[in-house]
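Coordinate-derived values only; no laboratory data. Just so it is clear, the model here is predicted, and its values are computed rather than measured. Counting neighbours? That spans all protein chains shown, and the Cβs are built from the backbone with ideal geometry, glycine included.
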Amino acid sequence: MDMLGKYKSCVAARSTSSEILKCSQDGGIVTQMFVYALEEGIIDGAIVAGPGDEPWKPQPMVATTPEEILAARGTRYNISPNLDKVGIVGTPCQIQALRKAQLYPVGLRYVTDKIALAMGIFCMENFSYQSMKQIVEDHCNVDLHSLKKTDIGKGKYWAYTNRGAVSQIPLKVTHKYEQPGCHVCLDYVANMGDISTGSVGSPDGWSTVFVRSTNGDNIWKKAVEAGVFETKAIDSVKPGLDLVTKLATEKITKNQKELEHRAKIGVGKGLRNPYI
């Protein structure tokens, strides 16, 4: 089993825009790619998660200008197909759902051919809004109104405030808040994206980028040639692909055991990820 999926190339990369980098999660890959694709006419807009009525609760919106994409950076994205050429970003399960819809477009016959660029993001597990709120406020002692950024790394959950304070808790504290569906997912690196990206494997401030499809390869090469990204060979940086492989293997191995357990007790019998 290939833990990292099929890909044409893999690099460490980051945006060359200081405006994007100063508020990005890592290398600003998704934000920069959508801004570039929008300006070049590759997409007409992107389905992003803009600010909602409550702090840090995302609300799906259609971003049709670079300013709207920038305003949504650092939040969660979702799908709300609405344009002719759409860019979408999502976790592995969301990208899998998109690909399944494109293969079996029942009820989505006017949508599936409009996805011009699918960006996937690495994901070990996810939380509901209420769970995230409890983690940040009850465990990290940070009010959501003052929260600037959250991160997961080095075995800890991190919360950064607008005033520069940093709070951290052991990642094991967050396990009880994980969504149950995350425990049967066998994809860590968004195998089905045109391009997939995440912080693991690259130095701080950079992102690991897998270019997977022919469509993704064409767009990525144009973006790099346009100078909106700087890149480094993945084997020239630390910790490199060994750590990505390690985490992907851990997720798949653990969740495969959960699938086998559920099959034994008659829940989700025979359930397998068709893309691994």
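Quick one: what do you get for the range 127-177 if you divide its Cα Rg by 2.2 N^0.38 Å?
1.01
Could you give me D for the range 140-276, from Stokes-Einstein at 25 °C and 0.890 mPa s, where the hydrodynamic radius is the Kirkwood radius over C-alpha pairs? Units µm² s⁻¹, please. My calculation gives 138 µm²/s for D.
At 0.36 nm per residue, minus the direct Cα-Cα distance, what do residue 6 and residue 172 gain on full extension? Give it in nm, one decimal, please. Intermediate results must be reported in sequence, preceding the final value.
Details: separation 166, 0.36 × 166 = 59.76 nm, distance 3.09 nm.
Contour length minus Cα-Cα distance gives 56.7 nm.
Can you pull out the trypsin sites (Lys or Arg not before Pro) in the range 174-276 that DSSP calls coil and that have at most 11 other Cβ atoms within 10 Å? Spell out each step's value before the answer.
Working: sites: 176, 212, 221, 222, 232, 246, 251, 254, 257, 262, 264, 269, 272; in loops: 212, 269, 272.
Sparse-neighbourhood loop trypsin sites (Lys or Arg not before Pro): 269.
Distance between the modelled labels on residue 226 and residue 156, one decimal in nanometres: 3.8 nm (7 Å Cα→Cβ projection). For 260, 137, the sequence from fewest to most other C-beta atoms within 10 Å is 260, 137. Estimated at 0.36 nm per residue, the fully extended path between residue 71 and residue 260 surpasses their Cα-Cα distance by 63.8 nm.
Note on the chain: GNM, Cα springs under 10 Å; of 53, 217, 44, the largest mean-square fluctuation is that of 53. Per residue, the convex hull around the alpha carbon atoms of the chain comes to 136 Å³.
Springs between Cα atoms under 10 Å define the GNM used for the chain, and in it the highest mean-square fluctuation of 98, 241, 259 occurs at 259. A convex hull fitted around the alpha carbon atoms of the range 87-182 yields 132 Å³ per residue. For the range 1-46, the direction-averaged projected area of the alpha-carbon convex hull comes to 4.7 nm².
Springs join every pair of Cα atoms under 10 Å in this Gaussian network model of the chain, and among 117, 243, 21 the largest mean-square fluctuation is at 243. Of the trypsin sites (Lys or Arg not before Pro) found in the range 1-35, the ones in coil according to DSSP and having at most 11 other Cβ atoms within 10 Å of their Cβ are 6, 22.
Our note on the geometry: Cα centres of the range 40-66 and the range 1-31, 19 Å apart.
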